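Down below is the structure, laid out as structure tokens.
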Amino acid sequence: MSYCSYQFSLSLLAFLPLVSAHGYVAQVAIDGTDYYGNVPNADPVPSIVRQINDVAPVKGASNPYLNCGQDAQLASLVANANPSSQFQFWWKGGDGSNWPHNIGPIMTYMAQCVNTTCDQYNSTNAEWFKIEETGLQPGNMVWYQQNIMNGGPANVTLPPTLAPGQYLIRHEIIALHLANEMGGAEFYPSCTQVNIQGDQSGVAPASDEVTFPGGYSDDDPGIYDPTVFDTPVQYTFPGPPVVSFAAPVSNTSSPTSSNSSSTTTSTPVPSSTASSSGGGAQCQVSTAQAAFAVYPRQPRSVSRVMRRWWESLTSSS
């Protein structure tokens, strides 16, 4: 390998950790059907996931990008779903490898797309209600975010009595590895556009709704957390409480709590149902769904390609 190639390789490898240290939602499965998101800042293809332009975290609770992610753009598709539908959110690192963080909560919010369809809805003033929050595994030493780092999805069950209509689902990871300093928390929100069918009547009371920004403060417990590395971890979720009509526990084989549900997984089939249309609580384990599963198929990673490329370079030197 030439000196120039070697220097270029070292430069590229030095850059890769900076990219992979952040990430985005690469894929969403709804009741076993796959929907793929867009790589940030790439030419978009039709999707139900609003595309962000940067894998870097949103910093600061007053940042307008706290709404749906870094400069999130309207997605062109809206997927059909039902009350109690099973969702899997697949997070990936910026270089296509596994999600790089393992400290902090996972939370899911919903907001109705008012007076229009979600592919046209400006979510700046959306009223969000929380349907689940997932924190620590039993023993209060390991976060469920570790399962995402290990390559698994975050599983979410929609509320069983959720009123029909078009909604944004705001799935969020807060990485807390720097949260022992004020302003250190890293927010990773992502918005998915869905059309909920049926004739249910569950709606969130105004007291359980928040806007983003507005729902968090930088000094909230669970965002600024100087004891985050103390064990066993005692954690307080930020934001409003989980709504009372959120999915109940249904799978006692997984860590559970009274406000949410574990889910099962199934082998996804090609996407066919998307359409184009014009107060925290003290956490010991998890106060919402906390099931992660080994999924039979994961989004493709480029890390193996990079390793093979590097091996080919070094073997020729």
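If you plug each phi of the stretch 28-37 into the Karplus form 6.51 cos²θ - 1.76 cosθ + 1.60 with θ = phi - 60°, what whole-Hz ³J(HN,Hα) values come out, in order, with x for Gly and Pro?
For the stretch 28-37, the Karplus curve yields 10, 10, 10, 6, x, 9, 7, 9, 9, x Hz.
Taking the Cα centre of each part, how many Å lie between the stretch 22-55 and the stretch 150-197?
Their Cα centres are 14 Å away from one another.
How large is ³J(HN,Hα) for each residue in the stretch 222-238, as worked out from phi by the Karplus curve 6.51 cos²θ - 1.76 cosθ + 1.60 (θ = phi - 60°), to whole Hz, x for Gly and Pro?
Taking θ as phi minus 60°, the curve returns x, 10, 9, 9, x, 10, 4, 9, 6, 10, x, 6, 10, 10, 10, 5, x Hz for the stretch 222-238.
Excluding Ala246 itself, what net charge comes from residues whose Cβ is under 12 Å from its Cβ, given Lys and Arg +1 and Asp and Glu -1?
Values: positive: Lys130; negative: Glu132, Glu133, Asp208.
Surrounding charge for Ala246 is -2.
Which net charge results for the neighbourhood of Asn67, defined as the other residues with beta-carbon distances under 10 angstrom from its beta-carbon, given Lys and Arg at +1 and Asp and Glu at -1? Before the final figure, lay out the partial values.
Details: positive: Arg50, Arg170; negative: none.
Residues near Asn67 contribute +2 overall.
Readers should treat all values here as calculations from the given coordinates under stated rules, not as data from a laboratory. Here the structure is a predicted model, which means the values were calculated and not measured. Note: ideal-geometry Cβ built from the backbone for every residue, glycine included; neighbour counts use all protein chains shown.
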